[in-house]
Amino acid sequence: LEGPRSGIWKYGEYVYAEENPTVAPQIRWIIGFNESKILLNNPKITDTFTSGNYSYVDGTIEVWANGNPFTNYTFTEGSNGFELQINEETNAEFRVTFLTTVDKDTNQSQKNDALLKWQGGEEKASYTVKQREPDISKDATVKINEDGTKSIDWVINFNNNGEVLHGVTVQDKYSPASATVSDIKVFENGTEISRSVTGPGEGSFSIEMG
């Protein structure tokens with residue numbers, strides 16, 4: 001027979017600065033434990049930054065017990081994570097939140113493991129926040145030229161959140177393939193820049209963004 005379990009879960013999500021979404025985001029991590037509300041004798045959480053490509057943001061740890069702020073704990077930061085010791089016996093349901101940096105250099109996934117130790121044994125939970133992906137959108141405006149003909153201005157927007165990108169190629173396909181495409185321009189944060197363009201021809205063109 002298996003004994004009672006406290007229960008533990010883990011979650012993480014990107015958090016962007018509302019006033020400037022182009023700033024590298026942070027990750028908000030959440031640990032929940034003791035949904036069973038069994039009596040725990042000074043339980044301890046060991047949180048490990050498993051992938052090693054992010055770090056704790058000072059002063060962001062917050063702890064709640066049954067939905068109320070909780071302060072009777074000891075927080076010890078380590079080289080690759082931290083320990084959180086609850087300094088009392090309790091049957092409360094806990095939630096712990098904190099912020100970390102992101103992998104802004106190589107934009108890889110960030111894995112985190114949490115271990116709950118209590119008198120009944122050990123319980124684990126893991127979560128991986130996947131690498132960030134650039135958003136992309138495309139808009140079109142029909143205009144009437146001076147000679148009465150019509151043309152379409154196309155605008156492709158991508159990476160509005162300022163993610164770290166490497167080896168990016170933007171490819172555009174259009175139909176009919178016989179359409180005339182001209183005046184291709186590339187802008188970065190509102191400033192026109194020079195990039196290598198292949199085509200247009202046979203219904204497509206591509207831009208090497210680097």
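The values are calculated or read from the model by the stated rules, or taken from the named source; none is laboratory data. Predicted model, so just to flag it, every value in this text is computed and none were measured. FYI the Cβ positions are ideal-geometry reconstructions off the backbone, even for glycines, and counts take in every protein chain you see. Only protein heavy atoms, including side chains, enter the accessible area calculation; ligands, DNA and RNA are left aside. Shrake-Rupley method; radii C 1.70, N 1.55, O 1.52, S 1.80 Å.
How far, in nm, would the chain grow between GLN131 and THR169 when pulled straight, counting 0.36 nm per residue and subtracting the alpha carbon separation? Present the calculation step by step, with values, prior to reporting the outcome.
Values: separation 38, 0.36 × 38 = 13.68 nm, distance 1.82 nm.
Answer, rounded to one decimal: 11.9 nm.
Within segment 191-210, whose backbone N sits under 14 Å from a point 7 Å along Cα→Cβ of ALA177? Counting backbone N atoms under 14 Å from the label point, the list is 200-205.
Here's the picture: charge each Lys and Arg Cβ at +1 and each Asp and Glu Cβ at -1 in the chain, and of PHE205, ILE86, THR100 the one pushed furthest to the positive end of that dipole is ILE86. Amide H contacts of SER204: TYR174, each under 5 Å away and 5 or more positions distant or on a separate chain (H built 1.01 Å from N in the peptide plane; Pro and chain starts excluded). Within the listed set SER126, SER109, SER79, the residue fluctuating most in the Gaussian network model of the chain (springs between alpha-carbon atoms under 10 angstrom) is SER79. Extension gain for VAL155 to ASP139 (0.36 nm times residue separation, less C-alpha to C-alpha distance): 5.2 nm. The charge dipole of the chain, taken about the Cα centre with unit charges on the Cβ atoms of Lys, Arg (+1) and Asp, Glu (-1), comes to about 420 debye, rounded to the nearest 20.
Note on ASP172: accessible area is roughly 10 Å² with a 1.4 Å probe, heavy atoms of protein only. Scoring 60-71, 26-37 by mean Cβ neighbours within 10 Å over their residues and listing the highest first yields 26-37, 60-71. Modelled this way, with points 7 Å down the Cα-to-C-beta line, the labels at VAL57 and ASP147 are 5.6 nm from one another.
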